Amino acid sequence: MNIPAQARTICLEIQYDGAQYCGWQRQPKQQSVQEMLECAIERVSQEKVTCVASGRTDSGVHARKQVVSFVLRSSKANLEAYHIGVNRYLPDDIRVLCAKEVSEDFHAIRNSYSKTYRYFFSLFPTQNLFYRHYVWNLSYSIDISQMKQACEVFVGTHDFSCFQTHPREKKSHVRTIQALSVQPMHDFFFIEVKADGFLRHMVRALVGTLIDAGRGKISVEDCSMILTSLDRNQAGQTAPAHALFLWDVFYDETSKEKSTLDLSWEVE
């Protein structure tokens with residue numbers, strides 16, 4: 001791809017409520033976050049752009065922090081235009097938090113070294129009305145200590161085929177989970193997972209498996225067998241999308257090294 005010498009690479013941090021979208025990535029005849037953002041940027045820049053996101057969140061998944069980069073070939077608009085100006089053309093459920101100019105070789109996916117997701121759940125006989133769009137309510141008892149023990153099984157570098165809902169040939173299913181925990185927050189809980197990359201629906205399948213451990217449907221030892229089985233049918237259900245948030249994205253801005261992961265299908 002030939003990029004003019006005067007080109008600029010812009011990086012945005014954005015948030016979105018994913019309820020009304022098919023996910024981050026453009027899809028035929030569906031409304032995506034990428035499409036809405038690119039259209040807004042193009043109204044400001046007066047040129048065609050392609051946005052690259054740090055991860056391709058799936059349909060119904062939200063983002064507290066999503067990092068996006070794109071190249072401007074001719075636009076001279078200042079950074080404020082890509083923050084305040086772009087927000088004027090976005091729907092209320094997508095917001096640009098900040099904009100900055102970065103080095104021309106910056107890439108929102110390849111330059112990231114890890115991401116964190118949070119999955120929110122509650123334990124009430126009747127769901128709290130105001131949490132219903134963002135928290136999965138479980139109307140049965142859960143042993144949180146069992147979930148925490150099960151978390152330890154999945155930390156580290158493993159083949160996570162057991163959590164891959166759409167297997168693809170010639171793609172490595174090996175990822176490194178750097179941290180995995182269950183934590184209380186107000187009157188609900190969240191599962192937080194930090195990893196160098198994620199397979200499609202991996203977090204939601206992991207959540208479903210941890211919930212099964214908390215219910216006593218499977219033991220901690222069963223979790224180990226599920227992991228080594230590499231079989232999606234052995235793991236728990238895919239938890240609902242509405243309670244999952246891309247929570248944070250991490251970059252080493254001083255490093256020129258790129259991720260070595262095959263990220264062509266980096267989604268959740």
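When Asp231 is evaluated against the numbered criteria (1) within 29 Å of Tyr251 (Cα to Cα); (2) open to solvent by less than 60 Å² (accessible area, probe 1.4 Å), which criterion, by number, is the only one it fails? Looking at each condition in turn, Asp231 falls short on (1). Taking residues in the stretch 201-224 that are more than 12 Å from Leu180 (Cβ to Cβ) and open to solvent by 10 Å² or more (accessible area, probe 1.4 Å), and partners anywhere that are among the hydroxyl-bearing types (Ser, Thr, Tyr) and outside any helix (DSSP H, G or I), the pairs with Cβ atoms closer than 6 Å and at least 6 places apart or on different chains are His201/Thr165; His201/Thr238; Arg204/Thr238.
State whether one or more residues within the stretch 127-137 are at pLDDT 95 or above, of a type in the set (Val, Ile, Thr), in contact with a Phe, Trp or Tyr (Cβ under 9 Å, 6 or more places away or on another chain) and closer than 25 Å to Gly216 by Cα. Looking for residues that are at pLDDT 95 or above, of a type in the set (Val, Ile, Thr), in contact with a Phe, Trp or Tyr (Cβ under 9 Å, 6 or more places away or on another chain) and closer than 25 Å to Gly216 by Cα, one finds at least one in the stretch 127-137, hence yes.
Residues in the stretch 228-237: is at least one of a type in the set (A, V, I, L, M, F, W, C), under 11 Å from Tyr119 (Cβ atoms) and out of contact with any His (no Cβ under 8 Å at 6 or more places or on another chain)? No - not one qualifying residue is present in the stretch 228-237. In the condition set (1) without any contact (Cβ under 8 Å) to a residue 60 or more places away in the chain; (2) polar (S, T, N, Q); (3) more than 29 Å from Asp252 (Cβ to Cβ); (4) in contact with a strand residue (DSSP E or B) (Cβ under 7 Å, 6 or more places away or on another chain), Ser139 is compliant with all but (4). For the stretch 91-113, residues that are modelled with pLDDT of 95 or more and buried (at least 19 other Cβ atoms within 10 Å of the Cβ) total 3. Counting only residues that are farther than 30 Å from Val135 by Cβ and out of contact with any Ser or Thr (no Cβ under 8 Å at 6 or more places or on another chain), which one in the stretch 9-43 is surrounded by the most Cβ atoms within 10 Å (Cβ to Cβ)? Across the stretch 9-43, the extreme among qualifying residues is Ile41. Could you please give the count of residues in the stretch 123-145 that are crowded, with 20+ Cβ neighbours inside 10 Å and not β-branched (Val, Ile, Thr)? Number satisfying all stated conditions: 1. Of Arg95, Arg110, Arg88, Arg64, all but one fail to be of a type in the set (Lys, Arg) and over 28 Å from His201 (Cα atoms); the exception is Arg88. Scanning the stretch 67-82 for residues that are open to solvent by 10 Å² or more (accessible area, probe 1.4 Å) and of a type outside the set (Val, Ile, Thr) yields Arg73, Ser74, Ser75, Lys76, Ala77, Asn78, Leu79, Glu80, Ala81.
Do any strands (runs of 3 or more DSSP E) lying entirely in the stretch 77-182 carry at least 2 residues that are closer than 20 Å to Gln234 by Cα, and which ones are they?
156-159
The values are calculated or read from the model by the stated rules, or taken from the named source; none is laboratory data. Predicted, not measured: the structure shown is a model, and the values here were computed from it. Here Cβ is always computed from backbone atoms with ideal geometry, including for glycine, and neighbour counts include all displayed protein chains. Just the protein is used for accessible areas: all its heavy atoms, side chains included, with ligands, DNA and RNA removed. Shrake-Rupley method; radii C 1.70, N 1.55, O 1.52, S 1.80 Å.
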